[in-house]
1. Whole number in Å², please: accessible area per residue of the range 114-220, 1.4 Å probe, ligands, DNA and RNA not counted.
2. Would you grab the residues whose amide H sits under 5 Å from the one on His310? Only those 5+ places off in sequence or on another chain, please, with H modelled 1.01 Å from N.
3. Can you send over the carbon and sulfur percentage of the accessible area for the range 129-235, probe radius 1.4 Å, protein chains only?
4. Please give the solvent-accessible surface of Lys141 in Å², to the nearest 10, using a probe radius of 1.4 Å with every protein chain present.
5. With labels modelled as points extended 7 Å from the Cα through the Cβ direction, what inter-label distance (nm, one decimal) is found for Asp230 paired with Leu288?
6. Describe numerically, in nm with one decimal, the distance between label points set 7 Å from Cα along Cα→Cβ at Leu280 and at Ala210.
7. If one computes the Cα centroid of the range 105-170 and of the range 66-92, what distance in Å separates the two points?
8. Search the structure for amide H atoms under 5 Å from the amide H of Val137, placed 1.01 Å from N in the peptide plane, and list their residues when 5 or more places away or on another chain.
Amino acid sequence: MAAAPKEEGEGGGIGARNGASRALELSRAFEGSGGENVQRDAQLLPRPLSSIQSSNPSSDGSRLRVAYQGVRGAYSESAAEKAYPNCEAVPCEQFDTAFQAVEKWLVDRAVLPIENSLGGSIHRNYDLLIRHRLHIVGEVKLAVKHCLLANHGVEIGDLRRVLSHPQALAQCEHTLTKMGLVREEVDDTAGAAKHVAFHNLKDAGAVASAAAAKIYDLNILARDIQDDSDNVTRFLMLAREPIIPGTDKPFKTSIVFSLEEGPGVLFKALAVFALRQVNLTKIESRPLRKQTVRTPDDSSNGAPKYFDYHFYVDFEASMADVNAQNALRHLNEFATSLRVLGSYPVDTSMI
Ligand SMILES: O=C(O)C(=O)C[C@]1(C(=O)O)C=C[C@@H](O)C=C1
């Protein structure tokens, strides 16, 4: 995927030209007087956040700094602001940069997309969840309404191509095909809008939000161009510490596990939840990506084993719920690995 070329004088985010030096400054500040100690003490004495703290400003009254991927006007920025009202949303070039920004204490939280109701899972973030040690402390669902944007004076008939994030292009597949536009993938929807505006393109439009049109002074040629009006993206809220799971409101728990090869093993894994009436809301599998190919064993009939998986499961119960605890204890008896990614309140704002 090509990133839209960087424009003159842009920055302000982590990973952007100016942002990189700001990020460096901040990490140097930690290396100096006491910063390292703060970090070390916090690691020794993890202070779990309560589910109330997870959405409020820092305890010293300062605004929570929340990393998101993209530039100003991206849907992820709106998701960060929905998750943490009044936060300072901090743009990051890549998903990985946002994970690192939280780990390095450059920001307090990250808000990253995980699945979309039309486009499906955002696999990169599933993979990053296990490469990093952050905790899921919440989820936020955002209604995504795409617009076709172009420079002033440009009409739909003038357009030959359209730039956007691959998920956004996929969500508008039918409309864009009907318009006969060539798709060009870039890192985020707002970045596409910025690129079209900055280069004053006449043959290219962008699929992005109405907010991006305003920020980059583009004209809205068409609204609601997604293939289904109910287009919702689910984002995860990530933090260095977990929240204390409650039972006062609906909670969801996200886990990842791997299994030995064998007949019915996945069936057995899912049965630990079914047996206890715990409802699953999502299951995803991703390649295990081991360094070496596993040695042949009886179950693979002597053939090398290439396809091992991590299974990600979301279920509707809090880790404070005895059924959830028993299900995980049961799963742990035969899973080859098991990690709880987070137990957090369900976002019921869109039900
Ligand atoms: O490009 C953006 O504006 C984003 O915030 C990214 C993203 C995604 O990764 O799915 C977020 C919401 C929409 O589904 C389209 C794109």
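1. Values: 4280 Å² over 107 residues.
I get 40 Å² per residue for the range 114-220.
2. Arg286, Leu288
3. Whole-percent figure for carbon plus sulfur exposure: 50.
4. Rounded to the nearest 10, that gives 40 Å².
5. 3.8 nm
6. 3.9 nm
7. 12 Å
8. Sorted by chain and number, the residues that satisfy this are Met237, Leu238, Ala239.
The values are calculated or read from the model by the stated rules, or taken from the named source; none is laboratory data. Not measured: the values here are computed from a predicted model. Positions of Cβ are generated from backbone atoms using ideal geometry, with glycine treated the same way; all protein chains shown enter the neighbour counts. These area figures cover heavy atoms from the full protein model, side chains too; ligands, DNA and RNA do not enter into them. Shrake-Rupley method; radii C 1.70, N 1.55, O 1.52, S 1.80 Å.
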